[in-house]
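**Student:** Pasting a structure below so you can have a look.
The values are calculated or read from the model by the stated rules, or taken from the named source; none is laboratory data. The structure presented is a predicted model; accordingly, all values stated were derived computationally and were not measured. Quick reminder, even Gly has a Cβ in these numbers, built from the backbone with ideal geometry, and neighbours come from all protein chains shown. Protein only, heavy atoms only, side chains kept; ligands, DNA and RNA dropped before computing areas. Shrake-Rupley method; radii C 1.70, N 1.55, O 1.52, S 1.80 Å.
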Amino acid sequence: MDLRIAGHVATVTLDRPDVLNAVSTPMYRCLLSVFAKIEDEADIRCVVVRGQGRAFSVGADRTERAGMTDDDLRGRRRLVPRVFSAMYHCSRPVIAQVHGYALGGGLELALSCDLVVAAEDAVMGLVETTLGSMPAGGGTQLLPRLVGIPRAKELIFTGRRFAGAEARQWGLVNHAVPAADLETTVDALAAEISAAAPLAVAQAKRAIALSTQVEIDSGVALEAELYERLLTSTDRLEGLAAAREGRQARFQGQ
């Protein structure tokens with residue numbers, strides 16, 4: 001696992017290219033550690049998760065699994081929801097940069113991110129049922145929210161694979177672009193997010209997450225509470241001043 005910080009953007013690279021970034025127990029532990037570090041780095045405003053080599057991630061490391069006892073598997077299963085939570089609830093926006101293959105647990109890692117930018121020819125799918133299992137890294141919860149229950153059922157029940165371009169039509173990914181344009185598209189999106197006020201973005205992310213958990217009136221009330229916390233922030237005053245003066249705002253995260 002590789003973490004690099006450039007400006008306000010942290011890039012997390014799944015770095016097992018020899019096995020197409022198959023997710024092992026040590027990789028899950030590294031992801032937990034990396035996202036804990038990100039939370040401690042005040043300058044980070046956006047996170048990009050990408051895969052090294054020819055794939056984003058093909059999912060669970062089957063070689064590791066073959067040598068695991070039932071207790072080992074249960075221990076791993078207790079670890080996976082913690083990784084999902086660390087990524088999904090990261091206080092910074094997280095972008096998945098998907099190329100090559102994103103299958104099974106690999107696709108679930110991407111779906112745990114706030115935004116997904118995929119290569120048009122990326123091969124994606126929750127393939128677990130074709131292997132005698134089921135998605136268990138958040139896939140059964142995230143996919144229906146993104147593409148609707150009927151389509152999610154079809155994709156999960158069949159374990160069907162699909163392309164990034166098709167995923168874009170369903171709303172599963174934000175952008176599907178030619179593979180050659182993938183990195184520049186992600187870089188531009190991360191820069192655009194990083195230019196916005198970080199406190200405001202964090203509060204907006206919390207408000208959006210709450211929208212799936214409460215009914216509309218409670219959600220609007222919670223949104224108002226989150227907005228109140230921004231009223232006296234330095235960034236809000238800077239944003240107003242920049243608008244009046246016709247210049248680019250210089251946000252400090254305060």
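**Student:** Look through Ala119, Ala96, Ala110 and report the one residue that is open to solvent by less than 10 Å² (accessible area, probe 1.4 Å), touching a residue at least 24 places away in the same chain (Cβ under 8 Å) and more than 11 Å from the chain's Cα centre (by Cα).
**Tutor:** Values: Ala96 fails: more than 11 Å from the chain's Cα centre (by Cα); Ala110 fails: more than 11 Å from the chain's Cα centre (by Cα).
Among Ala119, Ala96, Ala110, only Ala119 is open to solvent by less than 10 Å² (accessible area, probe 1.4 Å), touching a residue at least 24 places away in the same chain (Cβ under 8 Å) and more than 11 Å from the chain's Cα centre (by Cα).
**Student:** Given (1) part of a strand (DSSP E or B); (2) in contact with an Asp or Glu (Cβ under 8 Å, 6 or more places away or on another chain); (3) open to solvent by less than 40 Å² (accessible area, probe 1.4 Å), identify the lone condition not met by Ile5.
**Tutor:** Ile5 satisfies every listed condition except (3).
**Student:** How many of the residues making up the stretch 53-76 are buried (at least 16 other Cβ atoms within 10 Å of the Cβ) and either at pLDDT 95 or above or among the polar types (S, T, N, Q) (or both)? So that I can check it myself, show each step before the final result.
**Tutor:** First, the residues of the stretch 53-76 that are buried (at least 16 other Cβ atoms within 10 Å of the Cβ): 53, 55-61, 64, 76.
Okay, now just the ones that are also either at pLDDT 95 or above or among the polar types (S, T, N, Q) (or both), so 53, 55-58.
Residues that pass the stated criteria total 5.
**Student:** A further question on this structure: Mind checking which residues of the stretch 225-244 are of a type in the set (Asp, Glu) and open to solvent by 30 Å² or more (accessible area, probe 1.4 Å)? Talk me through it step by step, then tell me what you get.
**Tutor:** Initially, the stretch 225-244 is screened for residues of a type in the set (Asp, Glu), giving 225, 228, 235, 238.
Answer for the stretch 225-244, where residues must be of a type in the set (Asp, Glu) and open to solvent by 30 Å² or more (accessible area, probe 1.4 Å): Glu225, Glu228, Glu238.
**Student:** Please give the number of the condition Ala42 fails out of (1) modelled with pLDDT of 95 or more; (2) in contact with a Gly (Cβ under 8 Å, 6 or more places away or on another chain).
**Tutor:** (1)
**Student:** Can you name every residue in the stretch 85-128 that is within 18 Å of Ile156 (Cβ to Cβ), touching an Asp or Glu at 6+ places or on another chain (Cβ under 8 Å) and small (Gly, Ala, Ser)?
**Tutor:** Hit for the stretch 85-128 is Gly104, nothing else.
**Student:** Which one of these does Arg145 not meet: (1) part of a helix (DSSP H, G or I); (2) open to solvent by less than 40 Å² (accessible area, probe 1.4 Å); (3) touching a residue at least 60 places away in the same chain (Cβ under 8 Å); (4) over 16 Å from Phe56 (Cβ atoms)?
**Tutor:** All conditions pass for Arg145, except number (2).
**Student:** Turning to a different aspect of this structure: Any idea which of Ala136, Ala176 is buried (at least 16 other Cβ atoms within 10 Å of the Cβ) and within 30 Å of Asp43 (Cα to Cα)? Working first, answer last.
**Tutor:** Numbers: Ala136 fails: within 30 Å of Asp43 (Cα to Cα).
So the residue among Ala136, Ala176 that is buried (at least 16 other Cβ atoms within 10 Å of the Cβ) and within 30 Å of Asp43 (Cα to Cα) is Ala176.
**Student:** For Thr212, work out the one condition from (1) open to solvent by 30 Å² or more (accessible area, probe 1.4 Å); (2) part of a helix (DSSP H, G or I); (3) of a type outside the set (Lys, Arg); (4) in contact (Cβ under 8 Å) with a residue 24 or more places away in the chain it doesn't fulfil.
**Tutor:** Against the list (1) open to solvent by 30 Å² or more (accessible area, probe 1.4 Å); (2) part of a helix (DSSP H, G or I); (3) of a type outside the set (Lys, Arg); (4) in contact (Cβ under 8 Å) with a residue 24 or more places away in the chain, Thr212 comes up short only on (2).
**Student:** Checking Met124 against (1) open to solvent by less than 10 Å² (accessible area, probe 1.4 Å); (2) at pLDDT below 95: exactly one of these is not met. Which one?
**Tutor:** (2)
**Student:** Examine the stretch 166-184 for a residue that is within 22 Å of Ala60 (Cβ to Cβ) and assigned to a helix (DSSP H, G or I), and state whether such a residue exists.
**Tutor:** Within the stretch 166-184, one or more residues are within 22 Å of Ala60 (Cβ to Cβ) and assigned to a helix (DSSP H, G or I).
**Student:** Given the conditions (1) modelled with pLDDT under 95; (2) among the small types (Gly, Ala, Ser); (3) open to solvent by less than 70 Å² (accessible area, probe 1.4 Å), and given that Ala188 satisfies all but one, which numbered condition is not satisfied?
**Tutor:** Of everything listed in (1) modelled with pLDDT under 95; (2) among the small types (Gly, Ala, Ser); (3) open to solvent by less than 70 Å² (accessible area, probe 1.4 Å), Ala188 misses just condition (1).
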